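> Here's a structure for you.
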Amino acid sequence: MASVGIKDVAARAGVSVATVSRVLNAHASVSPAARERVLAAVDALGYRPNALARSLRTDQTRTLGLVISDVLNPYFTALARSVEEEARALGYSIIFGNADERPELQDHHVRTLLDRRIDGLLVSPADGGSPLVLDAARAGTPMVFVDRWIPGLDVPVVRADGGSAVRDLVAHLHRLGHRRLAIIAGPAATTTGSERVTAFRDALAEYGLELPDAYIGQGDFQAASGRRATERFLALPEPPEVVFAADNLMALGALDAIRARGLRVPHDIALAAFDDIPWFVHTDPPITAIAQPTDELGRAAVRALTDLIEGRTPESVTLPARLVVRRSCGEDPGAGPAPETGTTSRTGTTSRTGTGTTRRSDA
């Protein structure tokens, strides 16, 4: 028998897909007659995709699920803390799941959370997503993507705009005289992995610089991959002058590889990172990095999800990232406290799309 989807239920009940979604998620805005038609269609078609519709006739649990990509990554640890704090302030509890950058483990956590009848899901998709995340989204489960997203799904996205901060970084490096710039990229299947490489390449092109294949290291947002990529860069006949790691753990791996060769940052090679962490101010030298508004992202994601749960239509949110200039790229150590470039405004950009594309700015 062919798989039955939410659109089939809507067609049989003579209502919209949105109405079916509201019934499946126990929203009070549906009329009794429409609810009865939807429930009858669900029964007739056998539309019960495991736990996805488990809340069909139940009350809310005041519990949210959060599935993050890697709990060992300080960025996601800080994100999880802000999510928990905002959820608690709004009267919700949080159940966490760590995907460890593995789609199959992500599905395990999503399935477990749905079995516990959570009211909604916050997900930072690992490796471009996973089957159950797609099924849950298409079945109308209240869901918000945070940091990463799956293009093409009508799911609100809360993320930082790293593109402008990457341009700030490249401009900063160019002013310092660097011309051979390499990047350790995250997985191409993730939106953040592909987005940061594109932003880096485009920023280099503004200065007439290219990004050769030899200067692109493929990483996986883990320290070991940063170490391997940097070892390969250092073995080139003409090594890069700068290594830009597209996340903090890969930057630490890069630093290990540089020191293992007896080289010094920034005298022999410069190092910069995406995703600032508290440790970077304690390295020698302190590492220049792009900082994301982690606390604001977590809180905005919770607010968007509770809006969904309570029957409102939230918008996607894009917040600015910023470049934090320190001493790892050859900056003048006698120049005094390093400035932080880029906007630090709390003003975000919002959109009704689920792709992170922005349409208007909130003043």
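The values are calculated or read from the model by the stated rules, or taken from the named source; none is laboratory data. None of these values were measured; they are calculated from a predicted model. Glycine also receives a Cβ, built like all others from the backbone with ideal geometry; neighbour counts cover every protein chain displayed. Heads up: the accessible areas ignore ligands, DNA and RNA and are worked out on the full protein's heavy atoms, side chains in. Shrake-Rupley method; radii C 1.70, N 1.55, O 1.52, S 1.80 Å.
> For a quick protection proxy, order the peptides 88-96, 249-257, 170-178 by their average other-Cβ count within 10 Å, most packed first.
Values: 88-96: 14.1, 249-257: 24.8, 170-178: 16.8.
Output ranking for 88-96, 249-257, 170-178: 249-257, 170-178, 88-96.
> Right, something else. Can you tell which of P333, P142, P74 shows the greatest fluctuation in a Gaussian network model of the chain with Cα springs below 10 Å?
Comparing P333, P142, P74 in a Gaussian network model of the chain, the most mobile one is P333.
> Measure nothing but the geometry: give the 0 to 90° angle between the long axis through the Cα atoms of 32-45 and the longest principal axis through the Cα atoms of the chain, rounded to 10°.
80 degrees
> Then there is this: Which far-off residues, 5 or more places away or on another chain, put their amide H under 5 Å from the one on A270, with H placed in the peptide plane?
Answer set, sorted by chain and number: V242, V243.
> Provide the per-residue ³J(HN,Hα) series for segment 82-91, in order, calculated from phi with Karplus coefficients 6.51, -1.76, 1.60 and θ = phi - 60°, each as a whole number of Hz, with x at glycine and proline positions.
For segment 82-91, the Karplus curve yields 5, 4, 5, 5, 5, 4, 4, 5, 9, x Hz.
> Given all pairs of different Cα atoms, what value in angstroms does the Kirkwood hydrodynamic radius of the chain take? Don't skip to the end; give the middle numbers.
Working: mean 1/r = 0.0462 Å⁻¹.
Taking every pair of different Cα atoms in the chain, averaging 1/r and inverting gives 21.7 Å.
> In Å², and per residue, what accessible area does the chain have when probed at 1.4 Å with the other protein chains present? Don't skip to the end; give the middle numbers.
Working: 15690 Å² over 363 residues.
With all protein chains present, the chain gives 43 Å² per residue.
> Right, something else. For segment 125-198, what D do you get in µm² per second when you plug the Kirkwood radius from alpha-carbon pairs into Stokes-Einstein at 20 °C and 1.002 mPa s? Numbers along the way, then the final one.
Working: Rh = 14.2 Å.
Value of D from the Cα-based Kirkwood radius: 151 µm²/s.
> Once both labels are modelled 7 Å past Cα along the beta-carbon direction, what's the D154-T198 spacing in nm?
A separation of 2.3 nm, rounded to one decimal place.
> Would you kindly find the accessible area of W149, with a 1.4 Å probe and non-protein molecules such as ligands, DNA and RNA excluded, rounding to the nearest 10 Å²?
Accessible surface of W149 is approximately 30 Å².
> Residue by residue, what Karplus-based ³J(HN,Hα) values in Hz, rounded to whole numbers, does segment 94-105 have, using 6.51, -1.76 and 1.60 with θ = phi - 60° and x for Gly and Pro?
Computed from phi, the couplings for segment 94-105 are 10, 10, 9, x, 9, 7, 6, 6, 10, x, 5, 6 Hz.
> How big is the Kirkwood radius of segment 155-255, worked out from every pair of different alpha carbons and given in Å to one decimal? List each step's numbers first, then the result.
Working: mean 1/r = 0.0732 Å⁻¹.
Averaging 1/r across every pair of different Cα atoms and inverting gives 13.7 Å.
> Amide H neighbours of T61 under 5 Å, counting only residues 5+ apart in sequence or on other chains, H built in-plane at 1.01 Å?
Correct list: D119.
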